[in-house]
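Written out below as structure tokens is the structure these notes cover.
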Amino acid sequence: MLRKAYRKAREFAAAAGAGARRRPLSSFCDVPTETADAVVIGAGVVGLAVARELALKGRDVLVIESASTFGTGISSRNSEVVHAGIYYPPKSLKAVLCARGRELLYKYCSDKVIPHKQLGKLIVATGSAEIPKLEQILKRGIENGVEDLRVVDGSLAMEMEPELHCVKALLSPSSGIVDSHSFMLSLVGEAENIGATISYNTTVIGGQVEDNSLHLQISDSKVIENHEGEFLVQPQLVIIPKIVINSAGLSAQHLARRFRGLEESIIPTSYFARGCYFTLSNTKSPFSHLIYPIPEDGGLGVHVTLDLSGQVKFGPDVEWISDVDDFSSFLNRFDYSVNSDLSSKFYPEIRKYFPNLRDGALLPGYSGIRPKLSGQGQLPTDFVIQGEEIHGIPGLVNLFGIESPGLTSSLAIAGYIASKFVS
Ligand SMILES: Cc1cc2nc3c(=O)[nH]c(=O)nc-3n(C[C@H](O)[C@H](O)[C@H](O)COP(=O)(O)OP(=O)(O)OC[C@H]3O[C@@H](n4cnc5c(N)ncnc54)[C@H](O)[C@@H]3O)c2cc1C
């Protein structure tokens, strides 16, 4: 039904000159309108997990994704680490959903034969001054119910990892890695098998609260790609869903601000922190565990992650970057380049725990951008998941600041949304 309506909308747009007629966003009398049950905006790992969960609950789900395929945003630009749930304030959404999400993710990966490995992680103190911080992390982990954490003497840690230098470490056996692409592919397959539809190359450009529901304004992504300026695009379709999950990752706030009738004061400010990765040239991984230094402001420190083929990567660092305009954010036009000069910052960081790192061994890898709710020097924040009780709009759920551990938590976030906001 919706596919048909969308096709109709495209035909309509073509006839009208590729949707280029300009109008204020409030009046769209000649735009086709369709009702829907549940719309999930964004086919990243979180949107896909939510779509699957809602479809399993018997909802008729439409996922709207601006890109030509799933998972091209934050979800394909991360460390692919399954976090144990150590660092976060106790009882926070991050702590609770990470621990639950980890269990669900390991089970899902085992059941569906998705490549993953519970490698274990060493959090390392590289000098005695860092030992109190390691102890705080241990205390925090225990408060969060991560029961398998173990303090390991430097000598034992260095026996486990001969290339490692540290004076003390914390072993987290339940940390691991997952092939995030295979995981998302499985979510897509499962969601589609139980009736969900994904509309790619389709962008939600705004919305309007009318008669107590959110009317979503939809455009072909090509139209906004070719559009200059951003406020006067006419949508090609208006969809009126019973449930809307705003899971647009880096653009969740940009989009929410374009929902007329949604109180602006409840939309948190967005901050963006790029993290770059470097890989090792032509070398087998010197480590068999994930190696993490003590966390830094804005991130978990330049750590060692392995992928499932045994390739090692170092990162991500933290670089605060400025915002982009609404449409560029919907189209994921962020700067993901990795400047090779950055390696001069990585070498000394990495050599604190990997002193044998050779000059010239680091090669630029890739980068990802964290959707943060606090800026440089500010305290870390929790995930924000807002339902009607916060904004007063029936059926709308906004997800803001779904940074790490969002991959680990994705199945738990989906369960949380389905049980708390969807009857
Ligand atoms: C550097 C880095 C390292 C990380 N490491 C880890 C880790 O090791 N472990 C872990 O658990 N987590 C990690 N994370 C966090 C994790 O990757 C994210 O929490 C997760 O991928 C967020 O998924 P998402 O679906 O919310 O966002 P996204 O994957 O960005 O999906 C949002 C989707 O919405 C689409 N979209 C945007 N605007 C619109 C619109 N207007 N209309 C239609 N579609 C739209 C986008 O194209 C995109 O596909 C890391 C993150 C970063 C940046």
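The values are calculated or read from the model by the stated rules, or taken from the named source; none is laboratory data. Small disclaimer: the values here were computed from a predicted structure and weren't measured. All Cβ positions, glycine included, derive from the backbone under ideal geometry; neighbour counts span all protein chains shown.
Among the criteria (1) out of contact with any Gly (no Cβ under 6 Å at 6 or more places or on another chain); (2) modelled with pLDDT of 95 or more; (3) of a type outside the set (S, T, N, Q); (4) over 24 Å from SER76 (Cα atoms), the one GLU147 does not fulfil is (2).
Being more than 18 Å from ALA84 (Cβ to Cβ), assigned to a strand (DSSP E or B) and touching a Gly at 6+ places or on another chain (Cβ under 7 Å) is the requirement here; does VAL204 meet it? Walk me through it before giving the result.
Values: more than 18 Å from ALA84 (Cβ to Cβ): yes; assigned to a strand (DSSP E or B): yes; touching a Gly at 6+ places or on another chain (Cβ under 7 Å): no.
No: the conditions fail for VAL204.
Out of LEU411, LEU379, LEU363, one residue alone is among the hydrophobic types (A, V, I, L, M, F, W, C), in a loop (DSSP other than H, G, I, E, B) and either more than 16 Å from the chain's Cα centre (by Cα) or within 15 Å of the ligand (Cβ to nearest atom) (or both). It is LEU379. Within the option set ILE240, ILE224, ILE205, ILE218, being of a type in the set (A, V, I, L, M) and away from the ligand (no atom under 14 Å from the Cβ) holds for one residue only, ILE240.
Take SER172 and tell me if it is touching a helix residue (DSSP H, G or I) at 6+ places or on another chain (Cβ under 8 Å), within 25 Å of GLY310 (Cα to Cα) and at pLDDT 95 or above. Yes: the conditions hold for SER172. The set of residues in the range 390-423 being over 21 Å from LEU216 (Cβ atoms) and not aliphatic (A, V, I, L, M) consists of GLY401, GLU403, SER404, PRO405, GLY406, THR408, SER409, SER410, GLY415, TYR416, SER419, LYS420.
Tell me the strands (runs of 3 or more DSSP E) entirely within the range 292-338 that contain at least 1 residues that are surrounded by fewer than 18 Cβ atoms within 10 Å (Cβ to Cβ) and modelled with pLDDT of 90 or more.
Details: elements: 303-306, 312-315, 319-321.
The strands (runs of 3 or more DSSP E) meeting that bar are 319-321.
Of the candidates ILE243, ILE218, ILE198, ILE239, the single residue that is assigned to a strand (DSSP E or B) and either touching a Pro at 6+ places or on another chain (Cβ under 7 Å) or closer than 30 Å to ALA157 by Cβ (or both) is ILE218. Looking only at residues of the range 111-162 that are more than 31 Å from the chain's Cα centre (by Cα) and closer than 15 Å to PRO173 by Cβ, we find that the one that is surrounded by the fewest Cβ atoms within 10 Å (Cβ to Cβ) is LEU156. For the range 56-75, state whether one or more residues are in contact with a Ser or Thr (Cβ under 6 Å, 6 or more places away or on another chain), under 16 Å from ALA418 (Cα atoms) and near the ligand (Cβ under 6 Å from one of its atoms). The answer is no, given that none of the residues of the range 56-75 is in contact with a Ser or Thr (Cβ under 6 Å, 6 or more places away or on another chain), under 16 Å from ALA418 (Cα atoms) and near the ligand (Cβ under 6 Å from one of its atoms). The set of residues in the range 263-285 being more than 20 Å from LYS345 (Cβ to Cβ), touching a strand residue (DSSP E or B) at 6+ places or on another chain (Cβ under 7 Å) and part of a loop (DSSP other than H, G, I, E, B) consists of PRO268, SER270, SER285. Of everything in the range 86-95 that is within 18 Å of LEU149 (Cα to Cα) and surrounded by fewer than 19 Cβ atoms within 10 Å (Cβ to Cβ), the residue that is nearest to the chain's Cα centre (by Cα) is PRO89. Within the range 27-85, being surrounded by fewer than 23 Cβ atoms within 10 Å (Cβ to Cβ), β-branched (Val, Ile, Thr) and not in a strand (DSSP E or B) holds for VAL31, THR69, THR72.
Elements of the type strands (runs of 3 or more DSSP E) sitting completely within the range 115-194 and holding at least 2 residues that are within 20 Å of VAL312 (Cα to Cα) and in contact (Cβ under 8 Å) with a residue 12 or more places away in the chain: these cover 121-125, 168-172, 176-178.
Does ILE177 satisfy the condition of being under 17 Å from TYR353 (Cα atoms), within 16 Å of the ligand (Cβ to nearest atom) and in contact with a Leu (Cβ under 9 Å, 6 or more places away or on another chain)? No. Whether any residue in the range 265-274 is surrounded by fewer than 18 Cβ atoms within 10 Å (Cβ to Cβ), modelled with pLDDT of 95 or more, of a type in the set (A, V, I, L, M, F, W, C) and near the ligand (Cβ under 10 Å from one of its atoms) is what I want to check. Taking every residue of the range 265-274 in turn, none turns out to be surrounded by fewer than 18 Cβ atoms within 10 Å (Cβ to Cβ), modelled with pLDDT of 95 or more, of a type in the set (A, V, I, L, M, F, W, C) and near the ligand (Cβ under 10 Å from one of its atoms).
Do any residues in the range 353-366 that are farther than 21 Å from GLU161 by Cα have Cβ atoms under 6 Å from those of residues that are part of a loop (DSSP other than H, G, I, E, B) and of a type in the set (Val, Ile, Thr), where the two are at least six apart or on different chains, and which pairs are they? So the pair list comes out as PRO364/VAL338. Scanning the range 398-406 for residues that are within 16 Å of the ligand (Cβ to nearest atom), more than 23 Å from GLU80 (Cα to Cα) and touching a strand residue (DSSP E or B) at 6+ places or on another chain (Cβ under 9 Å) turns up at least one hit.
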